[in-house]
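The values are calculated or read from the model by the stated rules, or taken from the named source; none is laboratory data. Since this is a predicted model, take the numbers as computed values, not measurements. Here the Cβ positions follow ideal geometry from the backbone for every residue, glycine too, while neighbour counts run over all protein chains shown. Quick note on the areas: whole protein, heavy atoms, side chains included, nothing else; ligands and nucleic acids left out. Shrake-Rupley method; radii C 1.70, N 1.55, O 1.52, S 1.80 Å.
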Amino acid sequence: MPDVITVSVQTGLDSFQEVLVKIERPTHNKPFLGGFRNMSTGVEFHNAGSQTKPKKRPDKGIQLFCKETQTVVEKNKRQQTRNTTSTQMTKIGLYVSNMTDKLITPGKYFTAEEYHKRRLEAVIVLQKYFRRWHAINLVQNLKEQKRLRLALEAEEELRKKKEKEDKLRREYEKKLNPKTKEDFELLYHDLELWMQEETEQINRTLTGAERKAALCALLDEETQLIACIGMHKLDANVENQQKSILHLLDKCAQPRRWKAYDGKITEMDTQNSLRGKELLEIYQSISTKDLPKDERTSVLLTLKCIVKEHECKLTQEIVALIDREVDLMSRQVKECNLEGLRKRICTLFLQYIKIPEFNPAVAGLLKVPQDPLKLYKNVYLCHSCEKYLTAAEFLIPANSHTIGRCRSCYQLDNEARQREAYLKYRLILENLRESEVDYQDDSKIVFLVQLPDLQYLIEKVWNCQSALSACSDLYDLVMVRWDKQREWSPWNTILLTKEEADAHLKLCNLQKTYEAPFIYRIEQKHIRAKNYFAQVPAMSSFLHRSNNQANPNSYK
């Protein structure tokens, strides 16, 4: 702002006069005197202050100083003043009572050494009582820890005993009512053990013609047992086949599911899933036995309307069978005489359901692809049963160079000759793969190892027993990594019980924990496993990589 400004001032109706105004710069800051703000416009207004200069004090000719320099720093400090006292004795004209006076006699004088000695003795007494109190608390804590440990061990022992009893009960139920392949494996295994015991007893107690007669009777009894097991297998196959059919239809009827960003599962029914649900309900209705005639007729008419939507030879045959059953029921034919016809209707309707043109949801669930060109890929010939099967139907060991026999032929050969129960090896392999997946370090070797390879490792390399406790119960044994920093492999594993495995995986330094002879034995087993799997071409790259990892970390 300039020092002089020109202001136009109105002096008349139409006259103006220009006035020069001199601007004086402020020599001090004006105080803030408050103000207000317009709530509607938000404009702030301040209270005006005087623009005149403050009045100067007259000069007295004497130099003055401010208050701060004229005052001294004060400090308050407490002091103990003298207290003058006096005593007064009895004299002539003054009597002072001695009723409250005390007679003080000097005690035994003791030196500084004696004083410090008394202090030390008192400290020792205090320490004795404190140590006694601390020892009592320590013993009580140890007793409580012992009680808790014994209770925990008893609870753990009870849990193990209960698990063992449950396992034996489940095995007994599986043998009593076999349903799966593993159940029949256990049955044939027990049959083989019984045969071996009976044969040994006959060879030990009998000779000559009596021995031959006893062996013939034992063979007849074994034949009867095998026939009985075969009857159970037929019944189980029928039940399992029905379950697999319902499982397939249930998959076709499942809605599409996906997980949202907030973790909620969203479901959506499509045309294909609704079609699959409709076919599932109809199949369950026509498969149900002991339905009233009116309900059965209603279900057959509904089925007839559905299959008439597509005109082909199969649907024509289904419609003809439905008409035949309705006609026979109207003639009061017995239910037992209609079982064959009803089974034929169910079978043909199942064929109808498995055709993707009629049921689009089943296209991705069929084992046999609809495109004939896909059959030429990944299909191999089983030289035993002479069937063309997919690669998933073959049990290929890691050291095998040919396809060999399929799983069904292996199972049939096992039931006829060795009668081994592979359930325990299968459980160990499943637990091993689940534990390797939890590491999330892209472990691959464990998925290349098959059941015969794991059986060779357990039986030939580890002798079917724990490396630490020599426990031989395979149901309690698991395979874990020897060095948990490297991925699992047959040359980086150890067979232990579940409790030993948990403790082993918590170790940080194996060389400080285990003794040198034990480590040497484990290394020798690893060398045997490496020599066995070195014959496998797919394992060569993993062997080379493991050698490179072991060289920097090798120990003497």
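Results, tabulated for the structure shown:
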quantity: Efficiency of FRET between L246 and E222 - r from beta-carbon atoms, R0 41 angstrom, step 0.05; calculated: 0.70
quantity: Low-density loop positions, GluC sites (Glu not before Pro), the stretch 432-468 - DSSP coil, at most 16 other Cβ in 10 Å; calculated: none
quantity: Protein-only accessible surface order, largest first, of S384, S443, S287 at 1.4 Å; calculated: S384, S287, S443
quantity: Acute angle (nearest 10 degrees) that the helix 293-307 long axis makes with the longest principal axis of the chain, alpha-carbon atoms; calculated: 80 degrees
quantity: Length gained when the stretch K22-L507 is fully extended (0.36 nm per residue, less Cα-Cα span); calculated: 165.3 nm
quantity: Heavy-atom accessible area per residue - the stretch 189-347, 1.4 Å, Å²; calculated: 67 Å²
quantity: Neighbourhood net charge (12 Å Cβ-Cβ; Lys/Arg +1, Asp/Glu -1) for L176; calculated: +1
quantity: Cα extents of the stretch 266-366 along the three principal axes, largest first (Å); calculated: 48, 31, 21
quantity: Two-site FRET efficiency, S408 against N531, from Cβ-Cβ distance with R₀ of 51 Å, rounded to 0.05; calculated: 0.95
quantity: Percent of Cα pairs exceeding the 36 Å cut-off, where the set is the chain; calculated: 71 percent
quantity: Neighbour net charge for L206 - beta-carbon separation under 12 angstrom, K R +1, D E -1; calculated: 0
quantity: Ranked packing of 173-183, 208-218, 492-502, most packed first, by mean Cβ within 10 Å; calculated: 492-502, 173-183, 208-218
quantity: About the Cα centre, charge dipole magnitude for the chain (Lys/Arg +1, Asp/Glu -1 at Cβ), debye; calculated: 4000 debye
quantity: Protection-proxy order for peptides 242-249, 265-272, each taking the mean of Cβ atoms within 10 Å per residue, highest first; calculated: 242-249, 265-272
quantity: Rounded tilt (10° steps) of 181-205 against the dominant C-alpha axis of the chain; calculated: 60 degrees
quantity: Global form of the stretch 420-537, assessed from the alpha-carbon gyration tensor, a/c cut-off 1.5; calculated: rounded
quantity: Folded to 0 to 90 degrees: helix 339-353 orientation relative to the chain principal axis, Cα; calculated: 50 degrees
quantity: Prolate/oblate/rounded call for the stretch 181-251, Cα gyration tensor, a/c under 1.5 rounded; calculated: prolate
quantity: CD proxy at 222 nm, helix term only [per DSSP H run n ≥ 4: -39500 (n - 2.57); per residue of the chain; nearest 500]; calculated: -17000 deg cm²/dmol
quantity: Built amide H within the under 5 Å cut-off of V480, gap 5+; calculated: I494, L496
